[in-house]
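The values are calculated or read from the model by the stated rules, or taken from the named source; none is laboratory data. Not measured: the values here are computed from a predicted model. Here the Cβ positions follow ideal geometry from the backbone for every residue, glycine too, while neighbour counts run over all protein chains shown.
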Amino acid sequence: MPEETGSQIIEKIRLARDKTYGELHKQIVGQEEVIEQIIISLLARGHTLLLGVPGLGKTLLVKSIARLFSLSFKRIQFTPDLMPADIFGTEVIEEEPSTGRREFRFIPGPVFANIVLADEINRTPPKTQSALLEAMGEGQVTAAGTTRPLEPPFFVLATQNPIELEGTYPLPEAQLDRFLLNAVMTYLSPEDEARMVTATTSPDTPDLQPVFTREEILELQTLVREVPVPPNVVTYAVRLVTATRPGTPAAPEKINRLVKWGAGSRASQALIMAGKARALLQGRFNVAIEDVRALALPVLRHRVITNFHAEAEGIQSADLIRELLETVPE
C-alpha cells in the first residue's frame, strides 16, 4: 500500500474515532476502556462478553454505538423460560384469502440484527444459550431445517451480572471461548457519576449523529485483517497464551498449581486480531507489543479457568494474567 494512501486512511480513522467518542460522551460518561474494547471487538468481527452490575448503562451504551454506526439493534432479555425459537424466529401458517392455499412463512427473531444485546445471558438454560453458538461462530442460523445467513456485520454483546449467582446457568467454556473479549464495566468515579446524574436528569435529550455507515464498517473490518503484524509480536502473543496452560513447559509453577484449563489457540488469534483493530484506532498501521499487552486481560480472563485451590486463596484469573504480563519476556 502506498505511504500516502495509508496515511490518509489512518487519518480518516483517527478523525472518525475522535468523532465517535465525542458523540458517545453526549450520553455516556466515562467507561472509555469499555467503549474502546467494544469497538475493537466489532471491527475485528468478534463478540464481547460484558460483566457489570445492574444500573451502569450497558444497554444505553450498546444502543448508542449501534446508532453511531448506522446498524440495526435488537435486545434479547434472557429468562429461564426463553426458548431457541424466541431467538431465531418461527414459522407460521398463512392462508391466501383468494385461493385458500396455506403455506409456511418464517418470522425472523431478534437475532436477525447487526448488533444483538444478549442481556443477562446466564439467566437462561444451556439449551437456549447454545442456540447462539452457530450464529456467533458461523454468521448464520438454522431454523425449521433451513439455514439462513445473518446480514454482516453481526455482533453479539452478552451481559452478565457477576455478583448474582442464584437461579443462573454459568456459560460453558466452549461458549465463553466464542467471545473475542471479556470487558468489565465498573462503577463511575464520584465526579463522573455527578456529571452523569446531571446529564440524565435534565430536560435536554442529546441527539446522536451517525459517524459510520454500514458499508464503511464492513470496509473497516476488511482493512483490520490487512494490518501487518511483525513476527516478534506474534511470538510474544503465543508465548503469553502458552504460559497459561498448566502442565506445559512454558507454564510457571503458580499456573500449574492454580489453573485447571489454560487458554486455547483461539486466544492467540484473538490477541492478534484485536491488536490489529486497536492499532488502527490508535492511528498506526502495524501491531505492536503494547497492543497485545493492553488486550491481554480482556482476551484471556474468560479463557483461563482456575481450580479450587485458586478459589480457596481468593485468586482470580485476572490476577494470574497480570503476573504473566510481568514475567513473560517480550
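Structure values in brief
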{"read-out": "Residues (farther than 19 Å from LEU157 by Cα and either polar (S, T, N, Q) or outside the structural domain of ILE35 (by TED's automatic domain parsing) (or both)) located in region 179-196", "value": "SER189"}
{"read-out": "Residue in region 37-45 that is buried (at least 17 other Cβ atoms within 10 Å of the Cβ) and more than 21 Å from THR222 (Cα to Cα) present", "value": "no"}
{"read-out": "Residue list for region 69-114, filter: touching a residue at least 60 places away in the same chain (Cβ under 8 Å) and either over 30 Å from THR20 (Cα atoms) or touching a Leu at 6+ places or on another chain (Cβ under 6 Å) (or both)", "value": "PRO80, ASN114"}
{"read-out": "Among (1) part of a loop (DSSP other than H, G, I, E, B); (2) of a type outside the set (Lys, Arg); (3) modelled with pLDDT of 90 or more; (4) crowded, with 20+ Cβ neighbours inside 10 Å - the single one LEU171 does not satisfy", "value": "(3)"}
{"read-out": "Residue that is nearest to the chain's Cα centre (by Cα) [pool: residues in region 186-208 that are part of a loop (DSSP other than H, G, I, E, B) and either surrounded by 11 or more Cβ atoms within 10 Å (Cβ to Cβ) or of a type in the set (Lys, Arg) (or both)]", "value": "THR186"}
{"read-out": "Criterion (at pLDDT 95 or above, among the aliphatic types (A, V, I, L, M) and in a helix (DSSP H, G or I)) met by exactly one of VAL224, VAL234", "value": "VAL234"}
{"read-out": "Extreme residue, nearest to VAL34 (Cα to Cα), among residues of region 271-330 that are among the acidic types (Asp, Glu) and in a helix (DSSP H, G or I)", "value": "ASP291"}
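For (1) surrounded by fewer than 24 Cβ atoms within 10 Å (Cβ to Cβ); (2) more than 24 Å from THR159 (Cα to Cα); (3) out of contact with any Lys or Arg (no Cβ under 7 Å at 6 or more places or on another chain), each residue gets a yes or a no:
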position	(1), (2), (3)
ALA279	yes, yes, yes
VAL287	no, yes, no
ARG301	yes, no, yes
PHE308	yes, yes, yes
ILE321	yes, no, no
